[in-house]
1. What order, most packed first, do the peptides 114-122, 67-75 have when packing is the mean number of other Cβ atoms within 10 Å of each residue?
2. Mean shadow of the stretch 47-105, computed from the convex hull of its alpha carbons, in nm²?
3. Across the chain, what fraction of all alpha-carbon pairs, as a whole percent, falls in each successive 10 Å bin from zero upward?
4. Once the Cα gyration tensor of the stretch 70-206 is diagonalised, what are the square roots of 5 times its eigenvalues, in whole Å and ordered largest first, as equivalent ellipsoid semi-axes?
5. Divide by every residue of the chain the summed helix terms, -39500 (n - 2.57) for each DSSP H run of at least 4, and state the resulting mean residue ellipticity at 222 nm, rounded to the nearest 500 deg cm²/dmol.
6. Work out the P(r) tail for the stretch 175-225: percent of alpha carbon pairs separated by more than 17 Å, whole number.
7. Could you give the Stokes-Einstein D for the stretch 132-276 in µm² per second, using the C-alpha Kirkwood radius, 4 °C, 1.567 mPa s?
8. Can you give the convex hull volume of the alpha carbon atoms of the stretch 8-148 per residue, in Å³?
Ligand SMILES: Nc1ncnc2c1ncn2[C@@H]1O[C@@H]2COP(=O)(O)O[C@H]2[C@H]1O
């Protein structure tokens, strides 16, 4: 007997999302044995990358949001590149206050690594330089604000994520108030005019932060090395573990995100540590 014709299975919906991984504030040195507040920063970055690769079967883009280096040396950028080469995805870097932009730029010549706009899946990612040479605080120069405005104006149909190093809002640590983005009102004056902006993402604060402002997700991420204590009045390190942030970006504009920290790192915070 002839078997009945089976109905064809429903077409599976295409995967319209991309996975972005953020690594921030790795503070690498020319010397692989150097420590920050008692933590070997190359070792902790290695463990964070191990975890990232275990947890994320597909990564579409890796973002490094500043302070890749503690000493601004070419050797430290080479180390960051060598270590992150295990991540099978294109990468974009932006500078933080500890980075030497000229060294980063020279090191990245001929690559797309420092290009400030990248489209991935249905999204547009815009990376801004908030570093002010010789200072810990951040500021968005006129050219960066113009770049932001143009990148948003040119792709109104693309949900957008803006990345920078310095925090544009208070994160609740009094000692970090003066070292954030000094002209944050100017970035919000732009983003408030473009409804496709879905997120603003930064580093610098070495702790997790997740709030909404005018429909925009404001996100900060733990460092891949030592952490700072949330809610602290004065400088205070935290014993929380290093980590990374993943962001799943859906073409229709939805953003899912979370932080993952390494589980097996043991260290003593050493405030006498050189360089900090
Ligand atoms: N013991 C300390 N007291 C006050 N500030 C510090 C101390 N150690 C480091 N910092 C600063 O705190 C900043 C936090 O962000 P950065 O890692 O960019 O750079 C850090 C240093 O400039």
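Computed from the coordinates by the stated procedures, all read-outs in this text should not be read as laboratory data. Only a predicted model underlies this, so the values are computations on that prediction, with no experimental measurement involved. Positions of Cβ are generated from backbone atoms using ideal geometry, with glycine treated the same way; all protein chains shown enter the neighbour counts.
1. Top of the packing list down: 67-75, 114-122.
2. 3.9
3. In whole percents, the pair-distance histogram is 7, 30, 36, 18, 4, 2, 2, 1, 0.
4. Details: eigenvalues 111, 86, 34 Å².
That gives 24, 21, 13 Å for the three semi-axes.
5. Per the formula, -5500 deg cm²/dmol.
6. Numbers: 530 of 1275 pairs.
Across the stretch 175-225, Cα pairs with separations above 17 Å total 42 percent.
7. Diffusion coefficient, whole number: 78 µm²/s.
8. Convex hull of Cα atoms, per residue: 135 Å³.
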